[in-house]
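What follows is a set of notes on a single structure, which appears directly below.
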Amino acid sequence: MIGACRDRAPAALLSAEAESEPPTGIPCSSPDATFAALVAEAKARDLWIAVHVGPGHQTRQAALAGVTTVEHGVRSGNSIDDVTVQALVDNRVVYVATLGHEPDGHLAIPALYAAGVLFGVGTDEGDYHDELARLAAAGVPPADVLIAATRNGALALHRDGELGTIEEGKLADLVFVRGAPWTDVADARNVVAV
């Protein structure tokens, strides 16, 4: 089934790349096969693949297919089973909870963190610093919140070879703050210089 869909996926991706729109209307025998074919083709082109998910089984399907990021976390009661958590870990999927957008999103964070899921930081609503604070309040230690905002963001964009950490040869904008944001993420607001 995926092979039949894969034949149609490249044209849809090329069209999407040219128009900056997501591919739609790829005829295929099942939505799962269409999704798998699109992800496989996008990965072959080394594209970043972000998905918005609903129930936990969609998160599992996305992780197993090899997406780059899961946006807005697990919806529909924020239940996530151990198989899905392991799929996120095994496939190094960056989990972008956008807690300001998902009122109950914090409920899944402790289990995801304990399992070693990579977190990213994103926000559809509100201030970026508020999202950092939400992640910390949900149980992610402040130092790991900063890693989510820097290194893991670069991983998610497939640009970790050039961004995300302070290393020789990498691009960087350094932000100097007053305080110790690695122990209190609120100190990240105290910008002294960039």
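The values are calculated or read from the model by the stated rules, or taken from the named source; none is laboratory data. What you see is a predicted model; the values in this text were computed from it and never measured. With ideal geometry, Cβ positions are generated from the backbone for all residues, glycine too; neighbour counts draw on all protein chains shown. Note: accessible area is taken over every heavy atom of the protein model, side chains too, but ligands, DNA and RNA are not part of it. Shrake-Rupley method; radii C 1.70, N 1.55, O 1.52, S 1.80 Å.
A few notes on this one:
- Amide H contacts under 5 Å for residue 119, placed H, 5+ residues apart: 95
- Heavy-atom SASA rank of 106, 129 (probe 1.4 Å, accessible area, largest first): 106, 129
- Estimated FRET transfer efficiency (residue 40, residue 143; beta-carbon r; R0 35 Å; 0.05): 0.45
- Around the amide H of residue 49, modelled in the peptide plane, lie the amide H atoms of 68, 69, all under 5 Å away and 5 or more residues distant in sequence or on another chain.
- Under the Karplus curve 6.51 cos²θ - 1.76 cosθ + 1.60, θ = phi - 60°, whole-Hz ³J(HN,Hα) for the range 116-127, x wherever Gly or Pro sits: x, 5, 6, 9, x, 10, x, 8, 9, 9, x, 8
- The 3J(HN,Hα) values that the Karplus relation (6.51, -1.76, 1.60; θ = phi - 60°) gives for the range 136-143 are, in residue order, 5, 5, 7, x, 8, x, x, 4 Hz. Gly and Pro appear as x.
- In the context of the full protein assembly, residue 131 retains an accessible surface of approximately 0 Å², using a probe radius of 1.4 Å and ignoring ligands and nucleic acids.
- By a 1.4 Å probe calculation restricted to protein chains, residue 147 has an accessible surface near 60 Å², given to the nearest 10.
- Length added when fully stretched, residue 52-residue 115, from 0.36 nm per residue minus Cα-Cα: 20.6 nm
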